[in-house]
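The values are calculated or read from the model by the stated rules, or taken from the named source; none is laboratory data. Model, not experiment: these values are computed from the prediction. Here the Cβ is made from the backbone with ideal geometry for all residues, glycine too, and neighbour counts use every protein chain on show. Accessible surface is based on the protein model in full, side chains and every heavy atom, while ligands, DNA and RNA are left aside. Shrake-Rupley method; radii C 1.70, N 1.55, O 1.52, S 1.80 Å.
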Amino acid sequence: KSPKKKKAPQTQKDEAQPKTPSDTPSSSQLDPDKKVTPVAPKPSATSKKRKKTPSKSSASAASSGSKAKKAKKSPGSAIGGKKTAPQMLSSLIKRKPGVPSMDDVVPEITDVQYENAEALMTEFCKVPFLAEFSRPVSLLHPELVTMYSKIIHHPMDLGHICRAIRRRTYKNTRAIQLDVWRVFSNCIKFHMHPSNRENAIPSFISIAMHLKDFFNSLWQEYMMPSDAPPRLPGKGISHVHSNFQKRAEARKERLPQISTTVLTAKSLQKLVVALNCFISSGGKVDKLDRDSILGNIDSAQGDLATFIESLRGVIKTMESKIESSQDYTVLELHRDMKKCYTEDVFEHEILKKMKISQRLDRI
(Lines give C-alpha, C1' and ligand atoms only; values in the text may rest on other atoms or scores of the structure.)
Protein backbone atom coordinates (compact mmCIF):
# COMPACT_ATOMS: atom_id res chain seq x y z
CA LYS A 1 0.00 0.00 0.00
CA SER A 2 1.24 3.43 -0.88
CA PRO A 3 1.39 5.88 1.99
CA LYS A 4 -1.33 8.45 2.02
CA LYS A 5 -0.27 11.93 1.18
CA LYS A 6 -0.97 14.57 3.72
CA LYS A 7 -3.24 17.33 2.56
CA ALA A 8 -2.28 20.92 3.01
CA PRO A 9 -4.32 22.82 5.56
CA GLN A 10 -7.18 24.67 4.03
CA THR A 11 -7.18 28.38 4.12
CA GLN A 12 -9.96 30.54 5.39
CA LYS A 13 -11.04 31.17 1.81
CA ASP A 14 -11.45 27.47 1.21
CA GLU A 15 -13.57 27.13 4.39
CA ALA A 16 -15.80 29.99 3.35
CA GLN A 17 -16.42 28.53 -0.11
CA PRO A 18 -19.04 25.72 -0.25
CA LYS A 19 -17.81 22.32 -1.20
CA THR A 20 -18.82 20.96 -4.54
CA PRO A 21 -19.50 17.32 -5.21
CA SER A 22 -16.11 17.03 -6.88
CA ASP A 23 -14.32 18.23 -3.76
CA THR A 24 -15.82 15.53 -1.50
CA PRO A 25 -13.72 12.38 -1.40
CA SER A 26 -15.19 9.28 -2.97
CA SER A 27 -15.34 5.88 -1.37
CA SER A 28 -12.40 4.72 -3.53
CA GLN A 29 -10.16 7.44 -2.16
CA LEU A 30 -10.86 6.52 1.48
CA ASP A 31 -8.82 4.02 3.37
CA PRO A 32 -10.87 0.79 3.57
CA ASP A 33 -9.33 -0.16 6.92
CA LYS A 34 -10.10 3.13 8.49
CA LYS A 35 -13.64 3.77 9.66
CA VAL A 36 -15.08 7.17 8.88
CA THR A 37 -17.47 8.68 11.42
CA PRO A 38 -19.76 11.29 9.95
CA VAL A 39 -19.60 14.64 11.67
CA ALA A 40 -22.94 16.25 12.46
CA PRO A 41 -23.28 19.83 11.33
CA LYS A 42 -23.04 22.38 14.07
CA PRO A 43 -26.41 23.94 14.86
CA SER A 44 -26.73 27.59 14.18
CA ALA A 45 -27.98 30.19 16.63
CA THR A 46 -31.45 30.27 15.09
CA SER A 47 -31.83 26.49 15.27
CA LYS A 48 -30.85 26.51 18.95
CA LYS A 49 -33.54 29.04 19.69
CA ARG A 50 -36.14 26.99 17.85
CA LYS A 51 -35.25 23.91 19.86
CA LYS A 52 -35.46 25.78 23.14
CA THR A 53 -38.87 27.31 22.40
CA PRO A 54 -41.17 24.64 20.90
CA SER A 55 -44.26 25.69 18.99
CA LYS A 56 -47.71 25.95 20.58
CA SER A 57 -49.10 23.07 18.53
CA SER A 58 -46.37 20.69 19.71
CA ALA A 59 -46.80 21.84 23.31
CA SER A 60 -50.56 21.30 23.21
CA ALA A 61 -50.11 17.90 21.57
CA ALA A 62 -47.61 16.88 24.26
CA SER A 63 -49.88 18.04 27.06
CA SER A 64 -52.91 16.30 25.56
CA GLY A 65 -50.89 13.15 25.12
CA SER A 66 -49.77 13.20 28.74
CA LYS A 67 -53.37 13.78 29.88
CA ALA A 68 -54.58 10.90 27.73
CA LYS A 69 -51.99 8.64 29.29
CA LYS A 70 -53.03 9.75 32.76
CA ALA A 71 -56.70 9.24 31.88
CA LYS A 72 -55.97 5.71 30.71
CA LYS A 73 -54.13 4.87 33.90
CA SER A 74 -56.57 6.47 36.34
CA PRO A 75 -59.46 3.95 36.02
CA GLY A 76 -57.17 0.98 36.47
CA SER A 77 -55.35 2.57 39.40
CA ALA A 78 -58.58 3.66 41.10
CA ILE A 79 -60.37 0.34 40.72
CA GLY A 80 -57.39 -1.98 40.81
CA GLY A 81 -57.43 -3.06 37.18
CA LYS A 82 -58.62 -6.57 38.02
CA LYS A 83 -62.26 -6.09 39.11
CA THR A 84 -65.19 -7.03 36.91
CA ALA A 85 -67.99 -4.69 35.81
CA PRO A 86 -70.50 -5.60 38.59
CA GLN A 87 -67.77 -5.18 41.22
CA MET A 88 -66.85 -1.83 39.73
CA LEU A 89 -70.45 -0.62 39.90
CA SER A 90 -70.95 -1.87 43.44
CA SER A 91 -67.78 -0.15 44.57
CA LEU A 92 -68.64 3.14 42.89
CA ILE A 93 -72.36 3.36 43.76
CA LYS A 94 -73.05 4.21 47.39
CA ARG A 95 -76.69 4.14 48.39
CA LYS A 96 -78.07 6.34 51.09
CA PRO A 97 -79.34 4.59 54.21
CA GLY A 98 -83.01 3.76 53.96
CA VAL A 99 -83.12 3.70 50.14
CA PRO A 100 -84.49 0.40 48.72
CA SER A 101 -82.88 -1.43 45.82
CA MET A 102 -84.08 -4.01 43.32
CA ASP A 103 -82.04 -6.67 45.18
CA ASP A 104 -84.19 -6.38 48.31
CA VAL A 105 -86.45 -9.38 48.81
CA VAL A 106 -90.16 -8.45 48.73
CA PRO A 107 -92.48 -10.89 50.54
CA GLU A 108 -95.56 -12.23 48.82
CA ILE A 109 -98.78 -10.32 49.30
CA THR A 110 -101.20 -11.69 51.91
CA ASP A 111 -104.99 -11.77 52.03
CA VAL A 112 -105.00 -9.02 54.67
CA GLN A 113 -102.93 -6.78 52.42
CA TYR A 114 -105.28 -7.49 49.52
CA GLU A 115 -108.23 -6.41 51.69
CA ASN A 116 -106.45 -3.22 52.69
CA ALA A 117 -105.48 -2.56 49.07
CA GLU A 118 -109.13 -2.82 48.04
CA ALA A 119 -110.12 -0.39 50.80
CA LEU A 120 -107.32 1.96 49.74
CA MET A 121 -108.37 2.02 46.08
CA THR A 122 -112.02 2.48 47.07
CA GLU A 123 -111.10 5.55 49.10
CA PHE A 124 -108.64 6.82 46.50
CA CYS A 125 -111.01 6.51 43.54
CA LYS A 126 -113.52 8.85 45.21
CA VAL A 127 -111.44 11.82 44.04
CA PRO A 128 -113.28 13.46 41.09
CA PHE A 129 -110.08 14.17 39.15
CA LEU A 130 -109.45 10.43 38.70
CA ALA A 131 -112.05 10.10 35.93
CA GLU A 132 -109.33 10.76 33.33
CA PHE A 133 -107.13 8.01 34.79
CA SER A 134 -109.78 5.32 35.30
CA ARG A 135 -109.82 4.02 31.71
CA PRO A 136 -107.27 3.62 28.88
CA VAL A 137 -106.46 6.67 26.78
CA SER A 138 -107.45 4.76 23.63
CA LEU A 139 -111.06 4.68 24.90
CA LEU A 140 -111.25 8.16 26.42
CA HIS A 141 -109.38 10.04 23.66
CA PRO A 142 -109.11 8.02 20.41
CA GLU A 143 -107.74 11.06 18.58
CA LEU A 144 -104.56 10.95 20.72
CA VAL A 145 -103.75 7.27 20.21
CA THR A 146 -101.10 7.83 17.52
CA MET A 147 -99.16 10.44 19.46
CA TYR A 148 -99.68 8.70 22.81
CA SER A 149 -98.32 5.37 21.57
CA LYS A 150 -95.15 7.09 20.31
CA ILE A 151 -94.41 8.70 23.69
CA ILE A 152 -95.80 6.17 26.20
CA HIS A 153 -94.57 2.61 25.78
CA HIS A 154 -96.17 1.09 28.92
CA PRO A 155 -99.70 2.48 29.34
CA MET A 156 -101.56 1.87 32.60
CA ASP A 157 -104.92 2.93 34.08
CA LEU A 158 -106.58 2.63 37.49
CA GLY A 159 -109.36 0.39 36.19
CA HIS A 160 -106.81 -2.25 35.23
CA ILE A 161 -105.19 -2.01 38.68
CA CYS A 162 -108.51 -2.39 40.54
CA ARG A 163 -109.44 -5.43 38.47
CA ALA A 164 -106.05 -7.02 39.12
CA ILE A 165 -106.48 -6.46 42.87
CA ARG A 166 -109.94 -8.05 42.87
CA ARG A 167 -108.66 -11.03 40.88
CA ARG A 168 -105.60 -11.42 43.14
CA THR A 169 -103.10 -11.39 40.27
CA TYR A 170 -100.40 -9.29 41.98
CA LYS A 171 -97.48 -11.15 43.54
CA ASN A 172 -96.42 -8.45 46.02
CA THR A 173 -97.38 -4.99 47.22
CA ARG A 174 -94.52 -3.31 45.35
CA ALA A 175 -96.13 -4.26 42.02
CA ILE A 176 -99.36 -2.46 43.00
CA GLN A 177 -97.46 0.65 44.05
CA LEU A 178 -95.38 0.74 40.87
CA ASP A 179 -98.45 0.39 38.63
CA VAL A 180 -100.21 3.32 40.33
CA TRP A 181 -97.06 5.44 40.06
CA ARG A 182 -96.84 4.55 36.35
CA VAL A 183 -100.33 5.96 35.75
CA PHE A 184 -99.26 9.42 36.90
CA SER A 185 -95.72 9.31 35.53
CA ASN A 186 -97.16 8.53 32.08
CA CYS A 187 -99.40 11.58 32.36
CA ILE A 188 -96.50 13.83 33.33
CA LYS A 189 -94.29 12.44 30.55
CA PHE A 190 -96.97 12.86 27.88
CA HIS A 191 -97.76 16.48 28.74
CA MET A 192 -94.09 17.45 29.11
CA HIS A 193 -92.80 15.80 25.93
CA PRO A 194 -91.41 18.32 23.41
CA SER A 195 -93.13 16.64 20.45
CA ASN A 196 -96.56 17.01 22.08
CA ARG A 197 -96.80 20.77 22.52
CA GLU A 198 -100.09 21.06 20.66
CA ASN A 199 -101.96 18.53 22.83
CA ALA A 200 -100.20 19.25 26.14
CA ILE A 201 -102.23 20.55 29.09
CA PRO A 202 -99.92 21.96 31.81
CA SER A 203 -102.57 21.71 34.53
CA PHE A 204 -102.61 17.92 34.18
CA ILE A 205 -98.98 17.82 35.34
CA SER A 206 -99.77 19.44 38.69
CA ILE A 207 -102.92 17.31 39.08
CA ALA A 208 -100.94 14.11 38.51
CA MET A 209 -98.28 15.14 41.04
CA HIS A 210 -100.88 15.97 43.72
CA LEU A 211 -102.75 12.71 43.13
CA LYS A 212 -99.51 10.76 43.44
CA ASP A 213 -98.74 12.44 46.78
CA PHE A 214 -102.28 11.71 48.00
CA PHE A 215 -101.92 8.06 47.02
CA ASN A 216 -98.59 7.83 48.87
CA SER A 217 -100.14 9.24 52.05
CA LEU A 218 -102.99 6.70 51.85
CA TRP A 219 -100.51 3.92 51.18
CA GLN A 220 -98.61 4.76 54.37
CA GLU A 221 -101.77 4.41 56.47
CA TYR A 222 -103.49 1.46 54.75
CA MET A 223 -100.58 -0.78 53.76
CA MET A 224 -98.20 -0.27 56.69
CA PRO A 225 -98.88 -1.56 60.22
CA SER A 226 -98.97 0.77 63.21
CA ASP A 227 -95.69 -0.43 64.73
CA ALA A 228 -92.35 -0.67 62.97
CA PRO A 229 -90.58 -4.06 63.10
CA PRO A 230 -87.65 -4.38 65.52
CA ARG A 231 -84.27 -3.44 64.15
CA LEU A 232 -81.60 -6.09 63.73
CA PRO A 233 -78.53 -5.55 65.92
CA GLY A 234 -75.44 -4.28 64.16
CA LYS A 235 -77.26 -2.98 61.11
CA GLY A 236 -78.24 0.53 60.05
CA ILE A 237 -81.62 1.92 59.08
CA SER A 238 -83.31 -0.25 56.47
CA HIS A 239 -85.75 1.09 53.89
CA VAL A 240 -88.61 -0.40 55.96
CA HIS A 241 -87.73 1.67 59.02
CA SER A 242 -87.11 4.66 56.78
CA ASN A 243 -90.71 4.41 55.53
CA PHE A 244 -92.01 4.51 59.09
CA GLN A 245 -89.93 7.63 59.79
CA LYS A 246 -91.27 9.27 56.65
CA ARG A 247 -94.83 8.51 57.72
CA ALA A 248 -94.28 10.13 61.13
CA GLU A 249 -92.78 13.22 59.48
CA ALA A 250 -95.67 13.41 56.99
CA ARG A 251 -98.20 13.30 59.84
CA LYS A 252 -96.47 16.19 61.61
CA GLU A 253 -96.46 18.26 58.43
CA ARG A 254 -100.08 17.44 57.61
CA LEU A 255 -101.58 18.29 61.01
CA PRO A 256 -101.04 22.12 60.85
CA GLN A 257 -102.42 22.15 57.30
CA ILE A 258 -105.72 20.44 58.18
CA SER A 259 -106.04 21.59 61.81
CA THR A 260 -108.87 24.03 61.03
CA THR A 261 -110.78 21.56 58.82
CA VAL A 262 -114.30 20.86 60.12
CA LEU A 263 -115.12 17.16 60.17
CA THR A 264 -118.37 16.20 58.49
CA ALA A 265 -120.99 13.96 60.09
CA LYS A 266 -119.93 11.12 57.81
CA SER A 267 -116.30 11.43 58.89
CA LEU A 268 -117.27 11.53 62.56
CA GLN A 269 -119.41 8.42 62.12
CA LYS A 270 -116.45 6.57 60.58
CA LEU A 271 -114.29 7.63 63.52
CA VAL A 272 -116.86 6.34 66.00
CA VAL A 273 -116.92 2.94 64.28
CA ALA A 274 -113.09 2.79 64.07
CA LEU A 275 -112.59 3.67 67.76
CA ASN A 276 -115.18 1.11 68.89
CA CYS A 277 -113.38 -1.56 66.84
CA PHE A 278 -110.07 -0.41 68.33
CA ILE A 279 -111.37 -0.96 71.87
CA SER A 280 -113.14 -4.25 71.18
CA SER A 281 -110.10 -5.75 69.39
CA GLY A 282 -107.79 -4.96 72.29
CA GLY A 283 -105.99 -2.06 70.62
CA LYS A 284 -105.69 -3.16 66.97
CA VAL A 285 -106.42 -0.74 64.14
CA ASP A 286 -106.81 -3.57 61.60
CA LYS A 287 -105.48 -7.06 60.92
CA LEU A 288 -102.03 -5.72 60.05
CA ASP A 289 -101.47 -5.07 63.79
CA ARG A 290 -100.50 -8.39 65.32
CA ASP A 291 -100.38 -7.71 69.05
CA SER A 292 -103.23 -6.29 71.13
CA ILE A 293 -101.70 -3.61 73.34
CA LEU A 294 -104.80 -3.27 75.54
CA GLY A 295 -105.20 -6.97 76.27
CA ASN A 296 -108.45 -8.17 77.79
CA ILE A 297 -110.69 -5.12 78.19
CA ASP A 298 -113.05 -6.75 80.69
CA SER A 299 -110.23 -7.29 83.18
CA ALA A 300 -108.50 -3.93 82.57
CA GLN A 301 -107.31 -2.09 85.69
CA GLY A 302 -105.40 1.02 86.64
CA ASP A 303 -104.12 3.28 83.88
CA LEU A 304 -105.43 0.97 81.19
CA ALA A 305 -109.01 1.17 82.51
CA THR A 306 -108.70 4.96 82.81
CA PHE A 307 -107.52 5.22 79.20
CA ILE A 308 -110.41 3.09 77.89
CA GLU A 309 -112.92 5.15 79.85
CA SER A 310 -111.46 8.41 78.49
CA LEU A 311 -111.56 7.09 74.94
CA ARG A 312 -115.21 6.15 75.30
CA GLY A 313 -115.84 9.69 76.49
CA VAL A 314 -114.37 11.01 73.22
CA ILE A 315 -116.70 8.70 71.31
CA LYS A 316 -119.69 10.11 73.19
CA THR A 317 -118.50 13.66 72.39
CA MET A 318 -118.40 12.87 68.67
CA GLU A 319 -121.85 11.28 68.78
CA SER A 320 -123.24 14.40 70.44
CA LYS A 321 -121.59 16.57 67.75
CA ILE A 322 -123.27 14.47 65.07
CA GLU A 323 -126.71 14.85 66.68
CA SER A 324 -126.40 18.59 67.30
CA SER A 325 -124.59 19.31 63.99
CA GLN A 326 -121.92 21.27 65.82
CA ASP A 327 -118.50 21.96 64.34
CA TYR A 328 -115.69 19.67 65.40
CA THR A 329 -112.29 20.38 63.88
CA VAL A 330 -109.32 18.08 63.35
CA LEU A 331 -107.31 20.00 65.94
CA GLU A 332 -110.01 19.48 68.59
CA LEU A 333 -110.17 15.77 67.78
CA HIS A 334 -106.38 15.42 68.01
CA ARG A 335 -106.32 17.30 71.33
CA ASP A 336 -109.12 15.21 72.92
CA MET A 337 -107.58 11.90 71.83
CA LYS A 338 -104.14 12.92 73.05
CA LYS A 339 -105.50 13.71 76.50
CA CYS A 340 -106.68 10.11 76.87
CA TYR A 341 -103.14 8.70 77.11
CA THR A 342 -101.09 11.66 78.39
CA GLU A 343 -102.95 13.10 81.38
CA ASP A 344 -101.97 11.24 84.59
CA VAL A 345 -101.71 7.83 82.87
CA PHE A 346 -98.85 5.60 81.71
CA GLU A 347 -96.21 7.71 83.46
CA HIS A 348 -93.93 4.69 83.91
CA GLU A 349 -94.95 2.83 80.74
CA ILE A 350 -93.43 4.92 77.99
CA LEU A 351 -93.41 2.10 75.43
CA LYS A 352 -97.13 1.45 75.82
CA LYS A 353 -97.87 5.16 75.60
CA MET A 354 -95.87 5.39 72.37
CA LYS A 355 -97.69 2.42 70.82
CA ILE A 356 -101.10 3.86 71.73
CA SER A 357 -100.20 7.22 70.19
CA GLN A 358 -99.03 5.54 66.95
CA ARG A 359 -102.24 3.54 66.59
CA LEU A 360 -104.55 6.44 67.36
CA ASP A 361 -102.66 8.60 64.86
CA ARG A 362 -103.18 5.90 62.26
CA ILE A 363 -106.92 5.89 62.92
Quick calc of log₁₀ I(q)/I(0), the stretch 256-320, Debye, one scatterer on every Cα, no solvent, q values 0.16, 0.20, 0.26, 0.27 1/Å, result -0.63, -0.88, -1.11, -1.14
Per the 1/(1 + (r/R0)^6) rule, R0 = 25 Å and r from the Cβ atoms of Ile151 and Met209, FRET efficiency to 0.05 is 0.85
Treating only Lys and Arg (+1) and Asp and Glu (-1) as charged, each at its beta carbon, one finds that the stretch 171-222 has a dipole about its Cα centre, in Debye to the nearest 20, of 200 debye
Per the C-alpha gyration tensor (a ≥ b ≥ c, the square roots of its eigenvalues), the stretch 235-363 is rounded if a/c is under 1.5, else prolate if a/b beats b/c, else oblate; here it's oblate
Of 207-218, 321-332, ordering from highest average Cβ density within 10 Å down gives 207-218, 321-332
Residue-normalised value, i.e. accessible area per residue, for the stretch 95-234 at 1.4 Å probe, in Å², stands at 62 Å²
Amide H contacts under 5 Å for Thr329, restricted to residues at least 5 apart in sequence or on another chain and with H modeled in the peptide plane, are Leu263
In the structure shown, of Lys266/Lys321; Lys246/Lys270; Lys171/Lys355; Lys266/Lys339, the pairs separated by more than 20 angstrom at the C-alpha atoms are Lys246/Lys270; Lys171/Lys355; Lys266/Lys339
Residue separation between Val273 and Leu144 times 0.36 nm, minus their alpha-carbon distance, gives in nm 41.8 nm
Amide H neighbours of Ala300 at under 5 Å, excluding residues fewer than 5 places away on the same chain, with H built from the backbone geometry, are none
In the stretch 135-225, the GluC sites (Glu not before Pro) that sit in a DSSP loop and have at most 16 other Cβ atoms within 10 Å of their own Cβ are Glu198
Site Ile188, offset 7 angstrom along Cα→Cβ, radius 17 Å on amide nitrogen, limited to the stretch 109-142, gives 133
Subtracting the Cα-Cα distance of Ala200 and Asp327 from 0.36 nm times their residue separation yields 41.5 nm
Violations at 26 Å Cα threshold for listed pairs Lys189/Lys212; Lys284/Lys353; Lys126/Lys338; Lys126/Lys212; Lys252/Lys352 -> Lys126/Lys338
